[in-house]
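Since every read-out is calculated from the coordinates, none of them should be taken as a lab result. The structure presented is a predicted model; accordingly, all values stated were derived computationally and were not measured. All Cβ positions, glycine included, derive from the backbone under ideal geometry; neighbour counts span all protein chains shown.
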Amino acid sequence: MPFSLLKYGLNKDYPFEQHADLPKPTELKPHYDVVIIGGGGHGVATAYYLAKYHGITNVAILEKSYLGGGNTARNTAVIRSNYLTSEGVKFYSESVKLFKELSNEFDFNIMYSQRGQLTLAHTDAAVRGFRQRAEVNKHFGGKTELIDPQQIRELVPTLNMNPADMPVLAGLWHMDGATARHDAVAWGYAKGATQRGVELHQLTEVTDVIVEQGKVTGVKTNRGNVSCGCVVQAVAGHSSLLAAKAGFKMPITTFPLQAMVTQPVKPFLDPLVSSPSLHCYVQQTGRGELVFGGGSDPYPLYSTRSTMDLKESLLANAVELFPFMANMRLMRQWAGLTDMTSDYSPIMGLSPVDNYYLDAGWGTWGFKSTPICGKSMAELVASGGKVPELIKPFSMDRFNSFRQVNEMGATAASH
Amino acid sequence: MTSMIDNSMRLNAPMGLLLNRDNAVEFLFEGQRYQGYAGDCIASALLANDRWLMSRSFKYHRPRGPLTMAGQDANTLVQLGGDPNALADRTPIAPNMQIEGQNYNGTLDKDRDAMLGHFGRFMPVGFYYRSFFKPMGVWDKWEGVIREKAGLGRLDLNFEPEYYDKKYLFTDVMVVGSGPAGLSAALKAADGGAQVLLVEEMPLVGGALAYNRFDIEGIEADRLRAELIAKVEAHDKITVMVDTVCNAWFTDNYLPLIQGKRLFKVRAKECIIASGAYEQHVVFRNNDLPGVVMCSAATRMMKLYAIKPGQSAVVLTGNDDGYLTALELNDHGVNVKAVVDMREGAAPMDLIDALSKRGITLHQGYTVYEALAEKGNKRVKAVDVRKITAKGEVGNASRVIDCDLLCMSAGYMPAYQLLCQAGAQLSYADDLAEFTLSKLPEHLHIAGSVNGIHQLDSVMADGQRAAQLALNNLNLSDELPGKVSCSVKPNFDWPIFSHPKGKDFVDFDEDLQAKDIVNATRLGYRDVQLVKRFSTVGMGPSQGRHSALPTARLVANSTDRTVTETGVTTARPPFAPEKLAHIAGRIFDPYRRTPMHHRHLELGAKMIPAGNWRRPAFYGDPNERDACIHTESVHVRNKVGLIDVSTLGGIELKGPDAAEFMNRIYTFAFLKQPVGKTRYAVYTNEHGVVIDDGVACRIAEDHFYVTATTSGVDRVYRDMTKWNAQWRLDVDILNVTSAYCAVNLAGPDARKVLETLVTDTDLSPEGFPFLAYGEADVAGIPARLLRVGFVGELGYEIHVPSRYGEALWDLLMDAGKAFDIKPFGVETQRLLRLEKGHVIVSQDTDGMSHPGELSMTWAVNRKKPFFVGCRSVDIVMAQPQTRKLVGFVLPAESKKPEEGHLVLEGDAITGNVTSCEYSPALKQIVGLAFAGINSSQPGDHIYIRVDGQLVEAEVVNLPFYDPDNLRQEM
């Protein structure tokens, strides 16, 4: 038994408050050096790195609901770096590196679990795309291989190799693929940030952004106005709506993305398995549940309702991939909102408003970027607007100059 | 093997509404043979044999028995062969069914992991977040250990899916729940002229009327149930579905029902939810022991299954219903030792008198502080009863009462799931200590105890009220619905009695105790959603049916907020766990066959998927792929070949504005395209990216026929209709992909073959030149002829109505015999077009490829005012280009690059190979690749990494084959 558990067990009146992960609510101060809008993984990670590496702690995170309650809570916790572009692979690889250290850095177990991710190719086109992704990954030191059906059988013996009459031709085996307890990532960052003096204000909704002479000077909230030196917006799912309050447009369309989970059963599936052609991916959580995800809903919407249609098509394909799963019982279905850009890459960096920094356009790839995005955004804020090299390709003005970072082929149904 | 035929706990008829006593059923539980009756669920059949321990809990492996007898809890999840997590209290027994408990190490009765419960103090809430990770790397080891303990049942990985299917239903009014509210609502709505679908989860109609006692004499429920059922059965406007669960509410009353192995998808104009309420447990130490049940579970055991739930009982209650349960137990020979009422002086006199007449002791203002167990916690044996001194606190004086059954009722939680999925709001009425629902969407109504109405007559009136609202919406009536209120308060304010030694469970699914919830808030997880996520409360199979209410109360209390402010976590579909098989239904994966499909199979084609079509890749031995393709390609180059291109998209555009429409959609100029000519058509999206191409034929001034790629046509057609919804041009757009089929007859002898069949058209090079279009009679088949050159030889695309497809194929193959015609597949076509340097959109392009990168600027008219993507193309083309699609060659003996291999310049990735094959015609390796702009001119060299080695290839002019296009234009 680990020592830390003994400590609790033997102390009858363990003073939980003294060891709280998150502080009790406080009043809003009239001014902060930095206001971060959005208390999801990205927002709290930015605050954490600001405090940790840059000594900037007069920071408020304003969250309209509860900590990590948006897409941090709704994503299916896939961590990977097997992207297509050089820019993407470099960026996400840094994220994977940081993820591996987080538990020990936080003193809080995020249950990082490197299981490997297997993506299936059922068409020649997919094989071509996968070969390219494997090559790009290897070029930057990642562990990704194009593997043949025999190797796939050995990795996942339970997989049907001819699902929906679409024979599996090859697989992209991404050994760095992993999962983690998604909520714990946000809590760990929040814990580290608040312990360093950052304020986390939940149930605090930003109702307007105050911009004077092209420069942000504060925000209005349901709890009163706050002035600030700069703002970081990290509100995945609502990025364009908040940007509109700050007075500019974003090249983003928002689509719901649904996922679902079964009752737990004994572990039988280690790798994360994904089939873009069948719009389906599945992984078994540490609790033994199967989590399924698929493609985004076909039309833009700001609603997190569930639909029957998506559930039917997704699960029909899941049963094609693993016929015995027909006997599993589905427990819960939910949805998140994905801010999609035209090149399937995020938007990080400067905005048309001075001192107003963007962390947006995270589509279906937000969770896996949490550490590196937070770290980069903190650098950006601390330097007063000097964009770090790693995130330069992801600036919003790339859409004006058509210097897009095309990840379309590397994101479909393999979040 | 000994057979357990006991049934010692059975009551006489008329108890056992669900049983057929003429039909004994034998089954196996944990390897032991048992007997029950048809109609028994697994749990009742086991209880009949006095078997209470049925499964074990998730975390501490606590022994568990039935709690609700209605499938509302996860205490008795059992394994049925390879089918895990079946509800023992809902699943009927079947002959020779093999059943096992879950979550034990060893046997159900002797679980080696039962000691986990003793280590509970070392597993505080969220303990796994605080441990197992130091030093770095140690989590990788612990994870395996913990994972081994995770999960509930075991899945049979060899399970073969069974037949499940789906059906659509439509109704004026759907009523969910057939208790007194649902029955009254159904009758009222049907009497008012509406078609009604009444859905009941249990195998019999009546809801609480079937098992609960509503009066001291115990006669009212049976009388009323019989009366209502008679009326419902006689009504021709009411359809009743029992054993059917309405498992979700989706927008606009789209309601999935699950019955047996069928999923019904219902659209209801009006929906009335009369789903009842879940009886709630009291939180005290060992409240999870087998033998501790809800009051309604005890009455269900007796009335539905003729089970005598125990020999001696204690009833713990916070409302009057517990008194009636005590009377029912007493009537069936159970020695009721005491009724323990948590309230002080709230019970009506007639109930108190009824107890005393039967000699049942009553303790008012008392509670059960702890349930005491036999060794191994397998059954309750006594309870420790204490006086309540303050909210959640008890005195020191203890009174131990022996019993083997404890029935409890702390009140009710509305079955809010479907309503909250529909957006209804839950708020807590502090005076009633009860959650109530409000803000329902239109066409959704609520009635009965789910609406906070608990007196029988009011419940019925509430059903009629809801039905009236539905009738008004259906324009079948316009009466004002009556007002219904309720004067009964069935919920006890604070039925939570924490014990310093714990095991006072709030959530049975997840083994969470009162202190776990409180400590989560003390650690800073104050929002109820965070409490859930940190502690896992409500995340188990029963999704918070019993934990939501005590959790809300505990969190509110611990964070100084109201229960309404605290709330409960979001209810999401499904209502009850549903098998994937139900949702997947029949495994139905239609793929499309071209009209010549059978001919391909007869000719030995290797078929491959192409979008949702199947196409011949090549003909011949699948193991000799390269040789087959080689032979076919040489044959097309030297003689004549035939390929089925029916999967090509076909779009018909007709109307005065057809040419203008074409001109706006595609990049080329189409206004002046002559009738009888074809023209290459490139489609760019709004980002200026090439996303499809095809051939446009001008059939008449106002009539175009344009092809699209196999996988792209649906999108192109969708985009066309979308754009014209804005442009409002006078043009009809029709996707005729499956109405037409097509072949490409290609090779130097193609004309000779076609001439034997076509007599009404001059096919000479002058009469029907390259890029011509015409309509012709092909041996009696009306055909559209396109002279195209995709493979680089003299060729004719012949498009005919689909019904002629097979005949056309046969005619051409027959006529071609004299010229040694051979079929060729799509892989061969890919090689041939590569030799010709033709791009396949989506293979040789990616999500960012603009016409400039693809050397397609010749097909883009920059003078016309507009086409989709024109603005973006202008912007992109004005910038310095960074990459370009180029042709490259390598000697035949060189290492062959694969599609997807990278083009490198030093350390930088500048591009990738998109197509690469050995060319039999040119005797060298040819390919297309994106290359950096500085190495994209003929004569430049590019470096391709092939299996780790750099290969140097030379950039050449395209096409590789027949650079002067003499062959396709002959």
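Worth pointing out:
- With 0.36 nm allotted per residue and the present C-alpha distance subtracted, the B:ALA807-B:LYS391 stretch has 141.0 nm of extension available.
- Values of log10 I(q)/I(0), in the order q = 0.12 Å⁻¹, for segment A:285-353 under a Debye, Cα-only, solvent-free model: -0.48
- At R0 = 25 Å, FRET efficiency that the Cβ-Cβ distance of A:ASP309 and B:THR721 yields, to 0.05: 0.75
- Whether segment A:100-161 is rounded, prolate or oblate, judged on the alpha carbon gyration tensor where a/c under 1.5 counts as rounded: oblate
- Both radii are taken from the alpha-carbon atoms of segment B:880-970; with Rh as the Kirkwood radius, Rg/Rh is 0.99.
- Separation of alpha-carbon centers, segment B:236-287 and segment B:127-161, rounded to whole Å: 35
- Pair B:ASP732, B:LYS149: separation of 7 Å Cα→Cβ label points (nm): 7.1
- When the alpha-carbon atoms of segment A:258-408 are used, the pair Rg, Dmax equals 18.8, 56 angstrom.
- Mean Cα-pair separation over length for segment B:504-580, i.e. relative contact order, pairs under 8 Å, 6 or more apart, %: 29
- Net charge over other residues, Cβ less than 10 angstrom from the Cβ of A:GLU205 (K, R count +1; D, E count -1): +2
- Gained length - B:ASP457 relative to B:GLU701, 0.36 nm times residue gap less alpha-carbon distance: 80.2 nm
- Per-q log10 I(q)/I(0), segment B:1-158, q = 0.09, 0.10, 0.13 Å⁻¹ (Debye; single scatterer per alpha-carbon; no solvent): -0.37, -0.44, -0.67
- B:GLU220-A:THR217 pseudo-label distance in nm [points 7 Å out on the Cα-to-Cβ vector]: 7.0
- As a ratio to 2.2 N^0.38 Å, the alpha-carbon radius of gyration computed for segment B:697-851 takes the value 1.14.
- Positive contributions from Lys and Arg (+1) and negative ones from Asp and Glu (-1), summed over other residues with Cβ under 12 Å from the Cβ of A:VAL168, come out at -2.
- For segment B:649-735, the fraction of C-alpha pairs farther apart than 21 angstrom is 18 percent.
- Over the protein assembly as shown, DSSP H runs of length four or greater, each weighted -39,500 (n - 2.57), average out per residue to a 222 nm ellipticity of -7000 deg cm²/dmol.
- Rh (Kirkwood; distinct C-alpha pairs) - segment B:504-580, Å: 12.3
- Nitroxide proxy distance, nm - points 7 Å out along Cα→Cβ at A:ASP148 and B:GLU227: 7.8
- Relative contact order (%) - criterion: Cα under 8 Å, at least six apart; region: chain A: 23
- Working note: Cα gyration tensor of segment B:287-437, eigenvalues times five, square-rooted, sorted largest first, giving semi-axes of 26, 19, 17 Å.
- DSSP-defined beta bridges in the protein assembly as shown - what % are antiparallel, rounded to 5: 70
- Size of segment B:94-178: Rg and Dmax of its alpha carbons, in Å, are 21.8, 64.
- Segment B:878-970: GluC sites (Glu not before Pro) falling in loop per DSSP and having at most 11 other Cβ within 10 Å: B:GLU893
- Using only Cα coordinates, the Kirkwood hydrodynamic radius of the protein assembly as shown works out to 34.8 Å.
- Relative frequency of Cα-Cα separations exceeding 18 Å in segment A:236-297, percent: 53
- Sites matching chymotrypsin sites (Phe, Trp or Tyr not before Pro) across segment B:1-108 that sit in DSSP coil, with at most 12 neighbouring C-beta atoms within 10 Å: none
- Inter-chain neighbour count for B:391-400: the average number of beta-carbon atoms from partner chains within 10 Å of each residue's beta-carbon is 0.
- Within the shell of other residues whose beta carbon sits under 13 angstrom from the beta carbon of B:ASN475, the net charge comes to -3, with Lys and Arg scored +1 and Asp and Glu -1.
- Histogrammed with a bin width of 10 Å, the alpha carbon distances of chain B distribute as 2, 10, 15, 16, 12, 10, 12, 12, 7, 3, 1, 0 percent, first bin at zero.
- Footprinting exposure proxy for A:PHE268, B:PHE214, B:PHE170 (fewest neighbouring C-beta atoms within 10 Å first): B:PHE170, A:PHE268, B:PHE214
- Pairwise centroid distance, computed over Cα atoms, of segment B:2-62 with segment B:302-350, Å: 23
- Legend: calculated FRET efficiency, B:ALA429 to B:THR570, from the Cβ-Cβ distance at R0 = 22 Å, rounded to 0.05, equals 0.60.
- FRET efficiency, 1/(1 + (r/R0)^6) with R0 35 Å, evaluated for A:THR207 and B:TYR254 via beta carbons: 0.50
- With viscosity 1.567 mPa s and temperature 4 °C, the Kirkwood radius over alpha carbon pairs of segment B:397-551 converts through Stokes-Einstein to a diffusion coefficient of 71 µm²/s.
- Antiparallel content of DSSP bridges confined to chain B, in %, to 5: 75
- Distance between segment B:900-970 and segment B:666-714 - C-alpha centres, whole angstrom: 28
- For chain A, the Rg and Dmax computed from alpha carbons only, in angstrom: 21.4, 64
- Net length gained if the chain between B:LYS483 and B:GLN311 were fully extended (0.36 nm per residue, minus Cα distance): 57.5 nm
- Relative contact order %, segment B:230-329, counting alpha carbon pairs below 8 Å whose residues are six or more apart: 13
- Neighbour counting of Cβ atoms within 10 Å sorts the residues A:LYS249, B:LYS188, B:LYS337, fewest neighbours leading, into A:LYS249, B:LYS337, B:LYS188.
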